[in-house]
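Enquirer: Please read through the structure below; I'll follow up with questions.
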Amino acid sequence: MIELQIGQDQKVAEWVGKRAEVENLTECTTYGFFKDGKIVGGAIFYDWRVEDMVFSGAFEDKGCFTKRNLKLFFDYPFNQVGCHRISAYTSVDNSKANTLLRKLGFTKEGCFREISSRQEDANIYGMLKRECIWLNK
């Protein structure tokens with residue numbers, strides 16, 4: 001069974017950072033997904049700007065995506081922090097991440113050209129609070 005843990009920010013940020021190629025995550029809030037004491041998934045919220053917060057994640061087990069976990073996960077930026085939207089970025093070549101973001105309810109909004117350290121293009125996704133299917137209306 002997968003356990004959702006909050007408060008393991010440094011450990012989860014390092015784990016996700018290596019997999020999602022995100023650096024300098026010193027000020028963030030994380031959700032770690034643990035199975036038998038080992039991280040199998042992580043979600044990071046960071047770079048909060050007025051009404052927007054950035055999301056990055058990495059997952060090795062589909063069991064992270066229970067309805068309960070997704071409700072807790074989306075409750076943080078939208079209800080606890082009061083954000084109006086969440087932004088997410090992923091390589092145009094990362095088909096798994098692009099598919100996951102769409103399944104979670106994100107909308108593709110555009111593309112950053114040659115933005116990564118390897119000068120790769122990245123898709124831009126966004127989700128508005130009113131669009132989030134995981135919140136109780």
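The values are calculated or read from the model by the stated rules, or taken from the named source; none is laboratory data. Just so we're clear, the structure is a prediction, and the values are computed from it rather than from any experiment. Every residue, glycine as well, gets a Cβ built from its backbone with ideal geometry; the counts of neighbours run over all protein chains shown.
Enquirer: Given the criterion farther than 21 Å from S91 by Cα, touching a residue at least 12 places away in the same chain (Cβ under 8 Å) and crowded, with 18+ Cβ neighbours inside 10 Å, identify the matching residue among N79, N69.
Expert: Result: N69 is the single residue among N79, N69 that is farther than 21 Å from S91 by Cα, touching a residue at least 12 places away in the same chain (Cβ under 8 Å) and crowded, with 18+ Cβ neighbours inside 10 Å.
Enquirer: Between a first residue in the stretch 1-12 that is more than 11 Å from G42 (Cα to Cα) and a second residue that is of a type in the set (V, I, T), which pairs have beta carbons less than 7 Å apart while being 6 or more apart in sequence or on different chains?
Expert: Close Cβ pairs satisfying both conditions: I2/V40.
Enquirer: Let me ask another. Which of the residues spanning the stretch 48-66 are within 21 Å of C83 (Cβ to Cβ) and either in contact (Cβ under 8 Å) with a residue 12 or more places away in the chain or among the β-branched types (V, I, T) (or both)?
Expert: W48, V50, E51, D52, M53, V54, F55, S56, G57
Enquirer: So which residues in the stretch 82-92 are within 20 Å of D52 (Cβ to Cβ) and surrounded by 13 or more Cβ atoms within 10 Å (Cβ to Cβ)?
Expert: C83, H84, R85, I86, S87, A88, Y89, T90
Enquirer: Further question: Tell me which residues, restricted to the stretch 92-132, are without any contact (Cβ under 8 Å) to a residue 40 or more places away in the chain and in a strand (DSSP E or B).
Expert: Selection gives T107, K108, E109, G110, C111, F112, A122, N123, I124, Y125.
Enquirer: Sort out which residues of the stretch 5-46 are modelled with pLDDT under 90 and part of a loop (DSSP other than H, G, I, E, B), and write them in order of number.
Expert: G7, Q8, E21, V22, E23, N24, L25, T26, E27
Enquirer: It is to be established whether one or more residues within the stretch 51-68 are more than 26 Å from E114 (Cα to Cα), within 15 Å of the chain's Cα centre (by Cα) and in a helix (DSSP H, G or I).
Expert: Yes, the stretch 51-68 contains at least one residue that is more than 26 Å from E114 (Cα to Cα), within 15 Å of the chain's Cα centre (by Cα) and in a helix (DSSP H, G or I).
Enquirer: Let me ask something additional. Going by what's in this entry, would K18 be described as closer than 30 Å to R118 by Cβ and surrounded by fewer than 17 Cβ atoms within 10 Å (Cβ to Cβ)?
Expert: In short, yes.
Enquirer: Looking at F73, F112, which one is within 16 Å of the chain's Cα centre (by Cα), among the aromatic types (F, W, Y) and modelled with pLDDT under 95?
Expert: F73
Enquirer: Quick one: in the stretch 93-119, which of the residues that are of a type in the set (A, V, I, L, M) and under 14 Å from E21 (Cα atoms) is surrounded by the most Cβ atoms within 10 Å (Cβ to Cβ)?
Expert: Only one residue fits best here, namely A97.
Enquirer: Which residues, taken from the stretch 21-62, are aliphatic (A, V, I, L, M) and either closer than 18 Å to F106 by Cα or buried (at least 22 other Cβ atoms within 10 Å of the Cβ) (or both)?
Expert: Result: A43, I44, M53, V54, A58.
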